Amino acid sequence: MTDDTTLFAGKTILVTGAGGLYGRSLVPRLVAAGAKVRTAARRPLAPELAALGPQVSHLAGDLRERSFADIAAAGADGLFHLAGQRGSIAIQIARGATMLADNTLVCMNTLEAARRAGIARIVYASTVSVYPPLETYREDLAWSANPHPGNEYVAWAKRIVEKLIEAYRIEYGMTNIAVVRPVNTFGPWDDFDPRTALVVPALIARALAGEDPFVAWGDGSAVRDFLYVEDAVDGLVAAYARGLGVGPVNLGSGRGYTVREVVECVLRHAGRDPVIRWDASKPAGEARKVADTTRAREILGFAPRIGLDEGIRRTVAWYRAQVAR
């Protein structure tokens, strides 16, 4: 396990996307380790992060503007670049221009600002969507073909930025950037709006709303690799400590679950028993998306601690408590 205090005590750490799924778990961990955390976003700082006290400061602005990115990066010792547009397959297709343009612009501005500011350690959160359709996603196969059409706009944005990081190494000799490719991550503070959410939070929200019949896209056979957010944050911190300059590393469980298994797990923990109807006319994405986690294990010493069942149990309990407030 990484010694967080040694890494972060007294350091100024910039976290972009701090109001998102990863950031809301990462920022408290950095504060507990003694870091001074700076967040940068268009939205106000999330109340639970503001409640952490003076160790967290917030800059309000738009990282699509290079001048703001420069202000955010100035004087920082480390950077976790987590900001980006995400959403369901339907949202990624419908808002393809936004997904491609905004993700590319925000990432390129932030990383260029970090380079000019001389930030010593940088973690860039890419995604397994960069891969073409494969049975198992291994890091060196990302460029072997085009990404799946359901994810292509986000995938190309992330691919372009990974190429920028490769170019930084060639032109500037920069070996201080870690690139991680997380699988489908879920947990507290996720987006639970069924219109925009990814699979697990969308299912949880609909299950607790009492939907019956319970309609799920596809036929339930699609296989996915899932990661609970606390494990994802472990991976981000491990990459900050040991992943600089080693190339992309997958963060996942390395185990595949069918969407049918996920649906049944969500309904069980939600205490619901509706009629399940599979809508095969709706897009279900790739047939299989499972990460090879060999590099994460060997280079980062990373292995998830929380399985899918326990992660869903915790997330259902958290979301039920939020709805009841």
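Counting charges near Gly10 (Lys, Arg +1; Asp, Glu -1) among other residues having Cβ under 15 Å from its Cβ returns a value of +1. Here the stretch 4-324 is assigned +1 on the Cβ of each Lys and Arg and -1 on the Cβ of each Asp and Glu. Its dipole about the Cα centre then comes out at about 440 debye.
Along each principal axis, taking the top coordinate minus the bottom one, the Cα set of the chain gives 56, 47, 37 Å in descending order. The distance separating the Cα centre of the stretch 135-200 from that of the stretch 1-25 comes to 20 Å. Candidates Cys265, Trp278, Asn176 compared by Cα position along the dipole of the chain: farthest toward the positive end lies Asn176, with charges placed on Cβ.
For the options Glu166, Glu298, Glu112, a Gaussian network treatment of the chain with springs between C-alpha atoms closer than 10 Å singles out Glu298 as fluctuating the most. Packing order of peptides 3-9, 137-143, highest average first: 137-143, 3-9 (average count of other Cβ atoms within 10 Å over each peptide's residues). Relative to the longest principal axis of the Cα atoms of the chain, helix 259-270 runs at roughly 90 degrees. With one equal scatterer per alpha carbon and no solvent term, the Debye-computed log10 I(q)/I(0) for the stretch 213-280 at 0.15 1/Å reads -0.64.
Note on the chain: with a GNM built from Cα contacts shorter than 10 Å, the maximum mean-square fluctuation among Ala207, Ala303, Ala287 falls on Ala287. For the chain, modelled as a GNM with alpha-carbon contacts under 10 angstrom, which of Gly210, Gly19, Gly187 fluctuates the most? Per the Cα network of the chain with a 10 Å cutoff, Gly210 tops the list.
Dipole magnitude for the stretch 1-147: about 320 debye, using +1 per Lys or Arg Cβ and -1 per Asp or Glu Cβ, origin at the Cα centre.
Coordinate-derived values only; no laboratory data. Values in this document were obtained by computation on a predicted structure and should not be read as measured data. Counting neighbours? That spans all protein chains shown, and the Cβs are built from the backbone with ideal geometry, glycine included.
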